[in-house]
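Undergrad: Here it is: the structure, laid out below.
The values are calculated or read from the model by the stated rules, or taken from the named source; none is laboratory data. This is a predicted model, so every value here is computed, not measured. We place every Cβ from the backbone using ideal geometry, glycine too, and count neighbours over all the protein chains shown.
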Amino acid sequence: MTSRAITSRRSPGGQKTSPVSFGEMLDQGRDICAAVSIPVIGDGDTGYGNAVNVKRTVAGYAGAGFAAVMIEDQSAPKRCGFARGVEVVDRAEAVARIRAAVDARDEGADILVLGRTDAATTLGIEEGLWRARAYQDAGCDIVYVEGAESAADLERVARAVSLPKMYVTVEGVPEQKVSAETLEHLGFKLMLWAATLLNVSVRAMEEACEAMRAGRHPERIVSWPHLNRVAGLDDYYAEEERYRAPGNEPRSDS
């Protein structure tokens, strides 16, 4: 039996869920990086194994085109920071993961290492700060302390770490109402809206389904030309025309 089968569980809605593998993340990430021109941060989770696996993960993410890879100290299988049952590994293993990621970078992987710790949530802010400093000493490029939410905690993170720092916000969590201006003043260089696009997409689909169930047609629909542009069809058609053989032009009435 695979580890995936062992760790599979039922979500509150009754659907079966299971951890995502390194290969699945790599495949999806490669497609995302190829589709955009902006830097993309890849979530390397726990590194998918021991320190040697972490090195492989970092090298693989670099090859896929990611600009940075986030490695964290949760126990496997990792969970969302707001999920139940979050646990972290001990200090030695947490730092070893970051050291391995940094080694992969220094050995040629063209990628930044983002060290994440969930210890502030599970063991308290003092432990989170210790690990953040240890990650900095180990050579990572960016630090993220999950669970540091209050202004006082964020100020402590800012004082403890001189590296660029990241903050992640999720809608619907009252204590996370921190402005980008406040974070910038504290020295945070990255702010991620972790689920914003997912949230608005889900709500839009729910509204559309509710309308159709009631016999109505959804009102918020983009035009067909707009959809073609977003899907890349306009670019495809233009490229297609470049290679159309003389005499094979499309019929004017088609």
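Undergrad: Is it fair to say GLU184 is part of a helix (DSSP H, G or I), at pLDDT 85 or above and acidic (Asp, Glu)?
TA: When the stated conditions are applied, GLU184 passes them.
Undergrad: When the residues of the stretch 112-123 are filtered to those that are among the aliphatic types (A, V, I, L, M) and surrounded by 24 or more Cβ atoms within 10 Å (Cβ to Cβ), which remaining residue is farthest from ASP45 (Cα to Cα)?
TA: For the stretch 112-123, the residue satisfying everything is ALA120.
Undergrad: Assess whether ALA208 counts as being at pLDDT 90 or above and of a type in the set (Gly, Ala, Ser).
TA: It is true that ALA208 is at pLDDT 90 or above and of a type in the set (Gly, Ala, Ser).
Undergrad: Could you please give the count of residues in the stretch 150-172 that are acidic (Asp, Glu) and touching a strand residue (DSSP E or B) at 6+ places or on another chain (Cβ under 9 Å)?
TA: 2
Undergrad: Something else now. How about the stretch 185-215: which of its residues are among the small types (Gly, Ala, Ser) and within 24 Å of the chain's Cα centre (by Cα)?
TA: Correct list: GLY187, ALA194, ALA195, SER201, ALA204.
Undergrad: Take VAL143 and tell me if it is hydrophobic (A, V, I, L, M, F, W, C) and over 30 Å from LYS55 (Cα atoms).
TA: Judged against the criteria, VAL143 is not a match.
Undergrad: Restricting the search to the stretch 137-161, which residues are crowded, with 18+ Cβ neighbours inside 10 Å and within 15 Å of ALA96 (Cα to Cα)?
TA: Once the filter is applied, which keeps residues that are crowded, with 18+ Cβ neighbours inside 10 Å and within 15 Å of ALA96 (Cα to Cα), the stretch 137-161 yields ALA138, CYS140.
Undergrad: Restricting to the stretch 190-248, name every residue that is assigned to a loop (DSSP other than H, G, I, E, B), over 30 Å from SER162 (Cα atoms) and touching an Asp or Glu at 6+ places or on another chain (Cβ under 8 Å).
TA: Selection gives PRO218, ARG220.
Undergrad: Among the residues in the stretch 169-184, are any surrounded by 13 or more Cβ atoms within 10 Å (Cβ to Cβ), within 21 Å of ASP45 (Cβ to Cβ) and within 22 Å of the chain's Cα centre (by Cα)?
TA: Yes; the residues of the stretch 169-184 include at least one that is surrounded by 13 or more Cβ atoms within 10 Å (Cβ to Cβ), within 21 Å of ASP45 (Cβ to Cβ) and within 22 Å of the chain's Cα centre (by Cα).
Undergrad: Considering only the stretch 126-176, state which residues are acidic (Asp, Glu) and more than 22 Å from VAL95 (Cα to Cα).
TA: Within the stretch 126-176, GLU149, GLU155, GLU171, GLU175 meet the criteria.
Undergrad: Let me ask something else about it. Is it the case that ALA132 is without any contact (Cβ under 8 Å) to a residue 40 or more places away in the chain, part of a helix (DSSP H, G or I) and closer than 24 Å to THR182 by Cβ?
TA: yes
Undergrad: Could you list, in sequence order, the residues of the stretch 99-120 that are touching a Leu at 6+ places or on another chain (Cβ under 8 Å) and within 20 Å of CYS80 (Cα to Cα)?
TA: Scanning the stretch 99-120 gives a single hit, ALA120.
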